[in-house]
Amino acid sequence: MPEQFNNQLSMTGPQGQLTNQAGYFNTQLPQNTTNTSPLQNQTFLPSFPNTGLSTGEVAGGLALGGLLGGNFNLNDIISGAANYYGGQEGIKAAYGVGQAGLGLAEQMGQRASEATQFKPFTVTTNLGRAGTTPEGGFTLELSPEQQALQTQLLGQAGNLFKQVGQDPATQQQAIYEQIRQAQMPEEERERLRMQEGLFASGRGGIQTAQYGGSPEQFAYEKARAEAQSGALLQARNQALAEQAQSLESATGLLGSGFTPQREALQALGYGTDLSNIASTAAARGAGTQATLGQAGLESYLQGTQLATNLQQQQMQNLLASALGTSTGGGGMLSGGNPFTSGGVIDEAFDTPDWLKSVEDYIKGTGLYGSLFNNSSTPNTTNSPGYNPYGGGI
Amino acid sequence: MAQQLQNITISAPGFLGINTQDSPIGLNPAYASIADNCVIDQLGRVGARKGYTLVTTNGPAVLGTSRGICCILEFISRANVTTVFSAGNNKIFTGTTTLVEVTLPAGYTITEDNWQIVSFNNNVYFFQDNHAPLVSTAGSTTLALLTSSGTNVPPEANALMAGFGRLWAANTATNKYTVYWSSLLAGDEWHGGSAGSIDLTTVWPNGYDEVVAIAEHNNFLLVFGKKNILVFTGADSPSSNLTLHDTIEGTGCIARDSIQSTGTDLIFLSTRGLMSLQRIIQEKSLPLNDVSRNIRTDLLTYISQEVESNGHREAIKSVYSPIDAFYLLTLPESQVVYCFDVRAPLENGSFRVTTWSVLNPLGFSMFADDALYMGRAEGIVKYGGYFDNTTQYQMRYFSNPTDFGSPANLKFLKKFNLTIIGGQSTPTTLNWGYDYTSAYQKQEFTFGSSNIAEYGLTEYNTDGEYSASIIIQTPKVNSTGNGSVVTVGIEAQINNAAFSIQKIDIHALLGRLI
């Protein structure tokens, strides 16, 4: 029976509050067809063997007894054949019961296999769609927004990774230039102050062997060189720090870029957990069905075996009653046709006329016409007491 | 009825020196229009300059047809060995009596005699442009090139000065705006130690200028451009402290060797004439004074005739004689020497000035014995005596035209009573003229000879000389003619005797009004 659930998970909304809005997490499982009893399927069990003989069969047996009361020692032959026949019938019945049990077991196995077979399902959230495949894999499809976000994040991560991969000297140079640009205005002011002082004092053109230029210029250039060295070192440290930070950021962005997928897969996990409820129920149902089917089958087979045994015993008893036993002497049929008027059976059951004349028929038409059922008058199947091997004695 | 003669006295004629700048009429008669071969003597009179004595005996042999000795320096080493260096005929000599060529570095060729020779730290340095600097160590007669290795090339400068423990140099053939200084006490170290330089292109107050000379005065370093003067302080530690103290615009130096320090003044020749930077210690200021204003036009005219080379007039030389208290400025092209009496300036701030002619010195040098030596064509001469070598020379004095305070009356000069100090056997000519004429009427006379007493020489029982210590001549000369303004002059052939004009008394009649 199809079963659909709309599970709305709590998620963080745009305002940061937890929301429980429909559609945020709409996990739809496919229709679940479990919980179907295998016994309720279109399965036809063989009917139980009919343990009661029909009137014709009994009459046949009696007629056979009357026939055997003739001149030849037909009684022994019939007794042997009947015993053989009874044994064969028991074997056939037992074989048929086994075949029926095998067929039922296969059907139950097939139904259990079908009931426990993996049913692919898809989990759809606003992050995307995650689905499973019959082969055991899964597919993942992000929403356009999430795909764009992932592309953006991965692109940013890629850029940052490029920065990580760059020669630190390049970034160092860039940072150095930035630091120097920040320092240079003040340096320029200092230089102008120095120049003003130098030229106001007439020292602007001084060149000395000690300092190159004037001591003031030397001091300025020294301070400038120190600032440059400091900036260079600072740029080096900053470049390395930024590279490490880029690596960290890139890693973070990379992780963030796959977050929608991860969340979708996690939703798939949630869906899997939910689907496990149904699949577990189906598995349990299938197991229960299989167990019950097995128990029913065993019961059926035991009943059938018992019925077969009883039928065989009954036939043997009947034959013994009709024909006597080798140890007990003559039976009911040893004294004439029991179906004729005045016969035992006729006295008991008032047999029809045709049965009363069976002796003639047997004697006139042959033995097998009474012993075996005519194929032109098959038994009706699917009727109570159906026995495919009935119609004979 | 005859008029009474009036006496007009000119006391100490020419005492104020030559004045050719002011209007002669009404000018103080103490000014002279001509005072040639004159000096202001110790008593403030116009007297004959001294002559000279030729010291060098081999001048013609070593100087040939050259101009002569242009540069002289007396160097006394720490070992108290005196060496006189001189330059002329593209050679450098030692000695005074006999000029001996120094030994130059191999292959060294001298093409000019415009050396600036400086004694510094027991060495003598020779600098002039386009010549590698030379050094004489401790007065050695073998000159060597200054150490030059790699970039340590000493400047081939034209201006050199020793001061503040260093040599200072400027004005090379290619750079006339940078002053270089050597390392401390190392005249051969120009690019190491504490050596350095200063580019003055941004310092000149009045546009671009060229360094002509460097001097030290009043603890200032003075850098003379042609039109500006830069005054620096902190020259004792130039690398750290050299600082512009003052600038003087419009006045520079046009002759490197015109700069002389008198102790109180620094005298130099500028385009305005001879200037003096006075020294005021307390105020640390440097008042600038034109000391040649009385002869400005004449001086500048003569200066203009001097050849300018290497950015300045190289031939102009000067000297300050503290003994004679004069500053001499020779202008060789004009063959004129201006003699400025530096005892005291006149009311207008100028020095009393006379001229010297005939002498034609090419260079000067004051020696340690306070003797003034000069370079001439024939060699080194010593200032002294009253002969130019062995010949007489003429002293000339002429007053400015004067009206004796009565410009509207005719003057009839009748008689001159002269008072001359010295002048033994000196042929003298009295000149007078009227109304600005240069065609003077002349009257020659000769002073008699006399022996001057020699104190300390008289011995008893010997012939003593009991005459006066100095001869005073009082010649009297009758004169004729008349005019509204009168010019009086005396020309004397200095004949190995001093000659000073003490007073001129003129007896004259004042005539009618004209």
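Side notes on the structure shown:
- B:ILE254 buried (at least 21 other Cβ atoms within 10 Å of the Cβ), away from every other protein chain (no Cβ under 14 Å), in a strand (DSSP E or B) and β-branched (Val, Ile, Thr): no
- When A:ILE206, A:ILE277 are checked against the criterion of being more than 14 Å from every other protein chain (Cβ to nearest Cβ) and of a type in the set (Val, Ile, Thr), A:ILE277 stands alone in meeting it.
- Residue check, A:GLY197 part of a loop (DSSP other than H, G, I, E, B), of a type in the set (Gly, Ala, Ser) and either over 20 Å from B:TRP190 (Cβ atoms) or within 14 Å of chain B (Cβ to nearest Cβ) (or both): no
- In the stretch B:270-322, counting only strands (runs of 3 or more DSSP E) that sit wholly within it, the ones holding 2 or more residues that are hydrophobic (A, V, I, L, M, F, W, C) and modelled with pLDDT of 90 or more span B:273-278.
- Any hit, the stretch B:331-353, residues being farther than 25 Å from B:PHE15 by Cβ, in contact with a strand residue (DSSP E or B) (Cβ under 9 Å, 6 or more places away or on another chain) and among the charged types (D, E, K, R): no
- Taken as a whole, the structure places A:ARG224 among residues that are more than 14 Å from every other protein chain (Cβ to nearest Cβ), part of a helix (DSSP H, G or I), more than 30 Å from A:ALA130 (Cβ to Cβ) and touching an Asp or Glu at 6+ places or on another chain (Cβ under 7 Å).
- Considering (1) surrounded by 19 or more Cβ atoms within 10 Å (Cβ to Cβ); (2) among the hydrophobic types (A, V, I, L, M, F, W, C); (3) at pLDDT below 95, the lone condition that B:ALA325 does not fulfil carries the number (1).
- In the stretch B:170-191, of all residues being surrounded by fewer than 18 Cβ atoms within 10 Å (Cβ to Cβ) and under 18 Å from B:PHE120 (Cα atoms), the one that is farthest from the other protein chains (Cβ to nearest Cβ) corresponds to B:LEU185.
- Between B:LEU54, B:LEU16, B:LEU43, the distinction of being surrounded by 22 or more Cβ atoms within 10 Å (Cβ to Cβ), within 30 Å of B:ILE470 (Cβ to Cβ) and among the aliphatic types (A, V, I, L, M) belongs to B:LEU16 only.
- Within the stretch B:220-233, being more than 10 Å from chain A (Cβ to nearest Cβ) and touching a strand residue (DSSP E or B) at 6+ places or on another chain (Cβ under 7 Å) holds for B:PHE220, B:LEU221, B:LEU222, B:PHE224, B:GLY225, B:LYS226, B:ASN228, B:ILE229.
Table: residues versus (1) surrounded by 18 or more Cβ atoms within 10 Å (Cβ to Cβ); (2) at pLDDT below 90.
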position: A:GLN150; (1), (2): yes, yes
position: A:ARG203; (1), (2): yes, yes
position: A:GLN210; (1), (2): no, yes
position: A:SER229; (1), (2): no, no
position: A:GLN245; (1), (2): no, yes
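- Tally of residues being at the interface with chain A (Cβ under 7 Å from one of its Cβ atoms), in contact (Cβ under 8 Å) with a residue 24 or more places away in the chain and acidic (Asp, Glu) across the stretch B:193-214: 0
- Checking each residue in the stretch B:135-146 for being in contact (Cβ under 8 Å) with a residue 40 or more places away in the chain and surrounded by 17 or more Cβ atoms within 10 Å (Cβ to Cβ) picks out B:VAL135, B:SER136, B:GLY139, B:LEU143, B:LEU146.
- Checking B:GLU112 against (1) touching a Gly at 6+ places or on another chain (Cβ under 7 Å); (2) in a loop (DSSP other than H, G, I, E, B), the condition it does not meet: (1)
- Selection of first residues in the stretch B:169-181 that are within 17 Å of B:LEU146 (Cβ to Cβ) and of second residues that are acidic (Asp, Glu), restricted to Cβ pairs under 8 Å at least 6 apart or on distinct chains, gives the following pairs, ordered by first then second residue: B:ASN171/B:ASP129; B:ASN171/B:GLU210; B:THR172/B:ASP129; B:THR172/B:GLU156; B:ALA173/B:ASP129; B:ALA173/B:GLU156.
- Residue in the stretch A:166-184 that is modelled with pLDDT of 90 or more, away from every other protein chain (no Cβ under 14 Å) and closer than 30 Å to B:ASN241 by Cα present: yes
- Boolean, B:ASP236 is within 14 Å of chain A (Cβ to nearest Cβ), in contact (Cβ under 8 Å) with a residue 12 or more places away in the chain, under 30 Å from A:TYR220 (Cα atoms) and acidic (Asp, Glu): no
- In the condition set (1) within 30 Å of B:TYR302 (Cα to Cα); (2) of a type outside the set (Asp, Glu); (3) within 14 Å of another protein chain (Cβ to nearest Cβ), B:HIS217 is compliant with all but (3).
The values are calculated or read from the model by the stated rules, or taken from the named source; none is laboratory data. Just so you know, these numbers come straight off a predicted model, no measurement behind them. Heads up, the Cβs are rebuilt from the backbone with ideal geometry, glycines too, and the neighbour counts pull from every protein chain shown.
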